[in-house]
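I have placed the structure first, in the form of C-alpha cells, so that the comments after it can refer back to it.
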Amino acid sequence: MESILTTLILSAIGGSIVVSGITEVVKQNSKLSGIWVIVFALVVGVVLFGAIALVFDLPLAESLLTGFLTGWASVGAFNSYDQTKGGI
C-alpha cells in the first residue's frame with residue numbers, strides 16, 4: 001500500500017510539470033482566467049493520465065486519481081511561481 005501511494009504522489013509531482021506547461025501555454029494564448037484555469041488544469045491532468053492508463057493497461061481509478069492530483073499540483077506550482085516572479 002505504501003509503495004502504491006508513493007508511486008501515485010511521485011507521478012503526480014512529475015506530471016505536474018507537463019500539465020503546468022500545457023495550462024500556461026493555453027492561458028497565454030486564450031482568455032482563460034480565474035477558476036477556469038484550475039478547472040482546465042484538472043481536466044488536462046485527468047485526461048492525460050486517463051489516456052496513459054488506457055494505452056498501457058494500467059488501473060484506471062488510480063490513474064484518474066493521479067491525474068486529479070497532477071492538476072492540483074500544477075495549479076499550485078505555477079500560482080506560486082507567479083507570486084515569486086511578481087515579488088522579485
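The values are calculated or read from the model by the stated rules, or taken from the named source; none is laboratory data. Everything numeric here is computed off the predicted structure, so don't read it as measured data. Don't worry about glycine lacking a Cβ; one is built from the backbone with ideal geometry, like all the others, and counts go over all protein chains shown. The area values use the complete protein model at the heavy-atom level, side chains included, leaving out ligands, DNA and RNA. Shrake-Rupley method; radii C 1.70, N 1.55, O 1.52, S 1.80 Å.
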For this session: For the stretch 53-70, take each phi angle, set θ = phi - 60°, evaluate the Karplus expression 6.51 cos²θ - 1.76 cosθ + 1.60, and give the result in whole Hz per residue in order, putting x for glycine and proline.
Result: 5, 6, 6, 9, 6, 9, x, 5, 4, 5, 5, 5, 5, 4, x, 5, 5, 5
Problem set entry | the chain, accessible surface, carbon-and-sulfur percent (1.4 angstrom probe) | 73 percent
Seminar exercise, completed: With x for Gly and Pro, the residue-by-residue ³J(HN,Hα) of the stretch 28-36, computed from phi through the Karplus equation 6.51 cos²θ - 1.76 cosθ + 1.60 at θ = phi - 60° and given in whole Hz, is 6, 9, 9, 9, 6, 7, x, 5, 5
Exercise. Taking the Cα centre of the chain as the origin, how large is its charge dipole in debye, to the nearest 20, when only Lys and Arg (+1) and Asp and Glu (-1) carry charge on their Cβ atoms?
Worked result: 360 debye
Exercise. Residue by residue, what Karplus-based ³J(HN,Hα) values in Hz, rounded to whole numbers, does the stretch 45-50 have, using 6.51, -1.76 and 1.60 with θ = phi - 60° and x for Gly and Pro?
Worked result: x, 5, 5, 4, 6, x
Exercise. Expressed as a rounded percentage, what relative contact order does the chain have, with Cα pairs under 8 Å and six or more residues apart?
Worked result: 37 percent
Seminar exercise, completed: Sorting 30, 66, 10 by the position of each Cα along the dipole of the chain (Lys, Arg +1; Asp, Glu -1; all at Cβ), the one nearest the positive end of that ordering is 30
Exercise. Ranked from highest to lowest mean number of other Cβ atoms within 10 Å per residue, what is the order of the peptides 42-53, 6-17, 62-73?
Worked result: 62-73, 42-53, 6-17
